[in-house]
Amino acid sequence: MEKLMKTSKTLDNILRIVYKLMQVAGIILLVSIGICIVAQFVDKLPMAELTSVSVSDVELTFKEPMLIDSSKAVIEMVVTLVVALLVIGITCYMIKLLRKVLAPMIVGQPFDGTVSKNIKKLGIAVIVNGLAIDIAESVMSSMAFYMYDIAELVLSDNISKIMVNSEVSLDSVLVGVLVIMLSHVFRYGEQLQQQADETL
């Protein structure tokens with residue numbers, strides 16, 4: 001039991017540091033988003049150069065860099081930063097849940113009544129995080145239709161390579177389901193602990 005308490009305390013300290021680093025990263029992202037939005041109102045931004053464009057699962061690579069209006073590049077950057085901020089937010093929530101799971105273990109009560117509930121919430125958060133990333137990637141890819149004249153790009157002589165990157169990852173769903181199953185194991189342990197306490 002003492003080893004569990006010590007390990008839990010160490011993990012909690014590591015998670016506390018990671019949480020603070022994530023908060024700093026979140027603040028940096030917020031400032032970056034603000035700078036990008038302000039940049040939209042600055043006159044005569046230099047033209048941006050593109051060497052490739054991703055449209056859904058298809059990536060078009062150009063022979064020569066293509067010049068586009070910088071405001072479009074700024075919009076794409078803002079969307080990317082907002083997605084990163086969303087992922088950081090969900091990750092911070094998962095770290096808080098992990099620390100709530102570790103809190104009873106630090107004091108030697110691994111089957112406290114709150115542990116299984118927090119583990120279940122953690123599993124759901126893992127699934128939501130994975131799905132949010134997949135949806136965000138799809139939205140960002142579809143933005144290319146708004147930002148660029150895709151038909152003109154495809155028909156131009158400037159295309160040197162077309163690559164299809166098709167991948168569907170269910171890793172987060174699988175991990176989330178496993179974590180939820182683990183919550184049921186802890187729930188059973190909590191029931192046994194409750195029965196033992198009532199017997200005493």
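Table: residues versus (1) surrounded by fewer than 17 Cβ atoms within 10 Å (Cβ to Cβ); (2) in contact with a strand residue (DSSP E or B) (Cβ under 6 Å, 6 or more places away or on another chain); (3) modelled with pLDDT under 70; (4) within 14 Å of M143 (Cα to Cα).
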position	(1), (2), (3), (4)
T51	yes, yes, no, no
V58	yes, yes, yes, yes
E64	yes, no, no, no
E76	no, no, no, yes
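Being free of Cβ contacts under 8 Å to residues at least 40 places away in the same chain and surrounded by fewer than 12 Cβ atoms within 10 Å (Cβ to Cβ) is the filter here, so list the residues in region 189-200 that pass it.
Of everything in region 189-200, those that are free of Cβ contacts under 8 Å to residues at least 40 places away in the same chain and surrounded by fewer than 12 Cβ atoms within 10 Å (Cβ to Cβ) turn out to be Q195, A196, D197, E198, T199, L200.
Restricting attention to region 105-124, which residues are more than 13 Å from K9 (Cα to Cα) and under 28 Å from the mean Cα position of the chain (by Cα)?
T114, V115, S116, K117, N118, I119, K120, K121, L122, G123, I124
At pLDDT below 85, of a type in the set (S, T, N, Q) and in contact with a strand residue (DSSP E or B) (Cβ under 6 Å, 6 or more places away or on another chain): does that describe S70?
Criteria met by S70.
Report those helices (runs of 4 or more DSSP H) wholly inside region 97-200 carrying at least 1 residues which are over 30 Å from S71 (Cα atoms) and at pLDDT 80 or above.
Per the criteria, 115-147, 171-199.
Give all pairs with beta carbons closer than 6 Å in which a residue from region 115-143 that is in contact (Cβ under 8 Å) with a residue 60 or more places away in the chain meets a residue that is among the polar types (S, T, N, Q) and part of a helix (DSSP H, G or I); count only pairs at least 6 apart in sequence or on separate chains.
What qualifies is S116/S183; I119/S183; K120/S183.
The values are calculated or read from the model by the stated rules, or taken from the named source; none is laboratory data. Only a predicted model underlies this, so the values are computations on that prediction, with no experimental measurement involved. A quick note on method: Cβ atoms are made from the backbone with ideal geometry, for glycine too, and the neighbour counts reach across all protein chains shown.
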